[in-house]
Amino acid sequence: MPGKMKLNQIVEVLQAKVVCGSELLNTEVEFAFASDLMSDVLTIQADNLLLITGLANVQAVRTAEMSDISAIVFVRNKKVNDDMIELAEENGMVLIECASSMFKAAGLLFGQGLKPVY
Amino acid sequence: MHFEYKVQGGDFARAGLASSQVKKVLKQLNVDAKVIKRVVVAMYEAEVNIVAHAYQGTINVDIDTERIVLNLKDHGPGIPDIPLAMQRGYSTASPVVREMGFGAGMGLPNIQSNADEFKITSEVGKGTNLEIVVYLNVPQE
């Protein structure tokens, strides 16, 4: 369906690396939100949301857990740590590392039809 | 059903643990996913506030068939001007809190917008008390 993307397509478009949740790459997302500010992420109501962030810490994963976000792309070559992987695995979440800037990653995915939340 | 959680000020590694546990309970109880999200987002914001601003706190969660009541009581510096603290964008958070992705002055207003009832009281030098109520049987937007 146009406007939706499977996570494995996202990984391919971003030339990114799956850090955990590789068994869940058939999951589809419809919307994306790009922010380093978790306070803003927590105000988003949309379902089927991909989070694009440069904030690589455990609170980014916690925020995703609370917001029912099942996949996070970490941009600007930020590295995921073991605590983040543990929390993500516990919640059935996909973590993806991407070397691009946030602007480039967001632009590529917007170009593929992923929708903004506002 | 009643749960109580202790929260330690400054312990960012564990911030959100209580909210995570409540989320699991509400899922097991088959509560509507939109209601769960409102409850846990409000609770997580409030839990992060305790970690960010207070010395310690206690979260009490009461769940019945009609509603979920969260009471968060902390020992901390308190809030001198609550209307000011409720304004979007107003924050007294430290650089450490901002590095965690918070402290943008969005938390209290976001708690209020996720709650059906919201009460905040505070005493400077003693602490802050939040009561957050979310109804279970109201059609969600």
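Residues in region B:11-32 that are exposed (fewer than 14 other Cβ atoms within 10 Å of the Cβ) and in contact (Cβ under 8 Å) with a residue 60 or more places away in the chain: there are none. Among the residues of this structure, B:D116 does not count as one that is touching a residue at least 60 places away in the same chain (Cβ under 8 Å) and acidic (D, E).
A residue that is more than 14 Å from chain B (Cβ to nearest Cβ), more than 23 Å from B:F12 (Cβ to Cβ) and either touching a Lys or Arg at 6+ places or on another chain (Cβ under 8 Å) or free of Cβ contacts under 8 Å to residues at least 12 places away in the same chain (or both) can be found somewhere in region A:32-44. Quick check: is even one residue across region B:38-57 exposed (fewer than 15 other Cβ atoms within 10 Å of the Cβ), of a type in the set (S, T, N, Q) and more than 14 Å from chain A (Cβ to nearest Cβ)? No, region B:38-57 contains no residue that is exposed (fewer than 15 other Cβ atoms within 10 Å of the Cβ), of a type in the set (S, T, N, Q) and more than 14 Å from chain A (Cβ to nearest Cβ). So, B:I79, is that one closer than 23 Å to A:S67 by Cβ and open to solvent by less than 70 Å² (accessible area, probe 1.4 Å) or not? Criteria not met by B:I79.
Go through region B:67-76 and give me each residue that's within 15 Å of the chain's Cα centre (by Cα) and either among the acidic types (D, E) or open to solvent by 40 Å² or more (accessible area, probe 1.4 Å) (or both). Residues satisfying the conditions are B:N71, B:K73, B:D74, B:H75. For B:R98, the conditions (1) touching a helix residue (DSSP H, G or I) at 6+ places or on another chain (Cβ under 9 Å); (2) within 14 Å of another protein chain (Cβ to nearest Cβ) all hold with the exception of (1).
Can you say whether A:M1 is open to solvent by 30 Å² or more (accessible area, probe 1.4 Å) and at pLDDT below 95, as far as the supplied structure shows?
Answer is yes for this residue.
Filtered by the rule that a residue be touching a residue at least 24 places away in the same chain (Cβ under 8 Å), away from chain A (no Cβ under 14 Å) and either in contact with a Phe, Trp or Tyr (Cβ under 7 Å, 6 or more places away or on another chain) or among the charged types (D, E, K, R) (or both), region B:59-95 gives B:I59, B:V61, B:D62, B:D64, B:E66, B:R67, B:K73, B:D74, B:H75, B:G76.
The values are calculated or read from the model by the stated rules, or taken from the named source; none is laboratory data. This structure is a prediction, so every number in the text was calculated from the model and none was measured. A quick note on method: Cβ atoms are made from the backbone with ideal geometry, for glycine too, and the neighbour counts reach across all protein chains shown. Just the protein is used for accessible areas: all its heavy atoms, side chains included, with ligands, DNA and RNA removed. Shrake-Rupley method; radii C 1.70, N 1.55, O 1.52, S 1.80 Å.
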